[in-house]
Amino acid sequence: MAPIKLEDNIREKLQERELAPSQSAWDKLESTLPKQQDKGTNRFFWYAIAASFVGLLIIGSMFFNDKTSGITTEIVIEEPTTLPQEENNKNEIVTPKQEEIVPDVNSTIAEISQDESEVPKKTKKVQNSRLAQQKRDITENNANAKSAIAKVSEENKTVISEDKIQINDLFKKDAVVSNKVDEIVARVKAMQEANSAVTATEIDLLLAQAQREIQTERILNSTKVDAAALLMDVEFDLERSFRDRVFYALGDGFSTIRTAVVERNN
Amino acid sequence: MKVVSLHKNYTVLIKKAKKGQRRAQHELFELFAPKMKSVCRQYLKSNDMAEEVMLIGFMKVFTHLDSFGGQGSFEGWIRRIMVNESITQLRKDKKLGFTAETEIENSMDHVSYIETELEVEEIQQLIDALPNGYKTVFVLYAVEGYKHSEIAELLNISESTSKSQLFKARKMLQSKMIKQNNSSYGTH
């Protein structure tokens, strides 16, 4: 048997040797190890949560963006259809008012012209109050059509100003009308003096002539094309009032003229 | 093959342990603690002291794991730490003294032979019986494979002191062996 080197024997044996540590060894070691390492794992966990949250946000925002983009395209499609409608509505709102205002003003003018000779100051006041009311009505209506407020109010203002100008013109023309009435009355009286009886046809002729003259004067005096239409609307009322005034002015010959006119009408 | 697979496992475990994963650290501890306790026991006379130093060594292993570059043996790296810690412990206890240098005559010829293998317990007893200075140099040289220059640097002694310590350690072991076995294989 070959002798064994002592040192080789020692090295081999010691290098192979294992001494089991006590059961509490790891716990002791763990207690001395820095606790940051646990935090490290926790930190990683929190990072994971944060990352997933950010991911969800991104996905959500993408989804939301898709939705909103769909809505915007819908709007883009709808806009051309809705806008003309709105414009039409505006036009509708504006045009009837203009039309409404004109007859109202005309009717007030007619009434004013009827009462003018008696109480011109009062009628002016009444007219002003009515105009104010109309203005109020217009502004209330305009409040309903919010989108068209600016345009409508501006247009109405212009309309009102135009109407005012027209009313002033009419006042001037009413003076012309009263002159004509005086003229006709003078003529009728002259005819009555010349001929004992005045026929209905003569009076009719006189009236028609006077009316034509008044109309031509008005048209000549009117500065705007609108005035013609306005006058046509007023014509009937004016005619009646004109006749009434003529009859009234004739006084004594009233009954004879009246019956003649009624007969002609029949 | 087993070594290769173990090495692969180490690298994965080391990576995880570097990140501070307790489980990986525990696995590494389970793998190396018994051997490292044995290493410490070579220098220290009691198992308890060996374990205590081993635990300090492991704490340093895990806290300085980043300084292990992955090159070379992980076991060798841990072993070095354990050796250093054992020597530090001996220094703390002021048990590490080195006798004066003596003239060494043909130290390379002093090779002891034994007829039958000694059991590890017997070896430990022999080593425990050596003075700390002799023992440390002997273990570093004969078991761990350190060179005299390395030992001198590690123990902060001269190379000749290291050599004389080794010589004296061998002589002493020899005499002890003779006493223990009642049969000595001497020296030429």
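Considering only residues that are at the interface with chain A (Cβ under 8 Å from one of its Cβ atoms) and buried (at least 18 other Cβ atoms within 10 Å of the Cβ), look in the range B:16-32 and name the one that is nearest to residue B:134 (Cα to Cα).
That would be B:29.
Looking only at the range B:33-55, which residues are closer than 23 Å to residue B:22 by Cβ and at the interface with chain A (Cβ under 8 Å from one of its Cβ atoms)? Walk me through it before giving the result.
Taking the range B:33-55 as the starting set, the residues that turn out to be closer than 23 Å to residue B:22 by Cβ are B:33-37, B:51-55.
Residues satisfying the conditions are B:33, B:34, B:35, B:37, B:51, B:54, B:55.
Residues in the range B:125-143 that are open to solvent by 10 Å² or more (accessible area, probe 1.4 Å), within 14 Å of chain A (Cβ to nearest Cβ) and of a type outside the set (Ser, Thr, Tyr): how many?
So the answer is 3.
For residue A:61, all conditions in the list (1) open to solvent by 90 Å² or more (accessible area, probe 1.4 Å); (2) modelled with pLDDT of 80 or more hold save one; what is the number of the exception?
Of everything listed in (1) open to solvent by 90 Å² or more (accessible area, probe 1.4 Å); (2) modelled with pLDDT of 80 or more, residue A:61 misses just condition (1).
Test each condition in (1) surrounded by fewer than 21 Cβ atoms within 10 Å (Cβ to Cβ); (2) within 14 Å of chain A (Cβ to nearest Cβ) for residue B:77 and report the one that comes out false.
Answer for residue B:77: the failing condition is (2).
What are the pairs with Cβ atoms under 6 angstrom where one residue, in the range A:13-25, is within 14 Å of residue B:54 (Cβ to Cβ) and facing chain B (nearest Cβ under 7 Å) and the other, located anywhere, is among the hydrophobic types (A, V, I, L, M, F, W, C) and open to solvent by less than 50 Å² (accessible area, probe 1.4 Å)? Sequence gap at least six, or different chains.
A:17/B:120; A:21/B:33
Filtering the range A:42-57 down to residues that are open to solvent by less than 90 Å² (accessible area, probe 1.4 Å) and of a type in the set (A, V, I, L, M, F, W, C), which residue is nearest to residue B:21 (Cα to Cα)?
Among them, the one singled out is A:48.
Tell me, which residue of the range B:144-176 that is surrounded by 21 or more Cβ atoms within 10 Å (Cβ to Cβ) and aliphatic (A, V, I, L, M) is nearest to the other protein chains (Cβ to nearest Cβ)?
So the residue we want is B:173.
Answer yes or no as to whether residue B:58 is within 14 Å of chain A (Cβ to nearest Cβ), farther than 20 Å from residue B:144 by Cβ and modelled with pLDDT of 90 or more. Give the steps one after another, and end with the answer.
Working: within 14 Å of chain A (Cβ to nearest Cβ): yes; farther than 20 Å from residue B:144 by Cβ: no; modelled with pLDDT of 90 or more: yes.
So residue B:58 does not fit the description; no.
The values are calculated or read from the model by the stated rules, or taken from the named source; none is laboratory data. Predicted model only: the values in this text are computed from it and were never measured. Virtual Cβ from ideal backbone geometry, glycine too; neighbours counted across all protein chains shown. Each accessible area value is taken on the protein alone, full model and side chains, heavy atoms only, with ligands, DNA and RNA left out. Shrake-Rupley method; radii C 1.70, N 1.55, O 1.52, S 1.80 Å.
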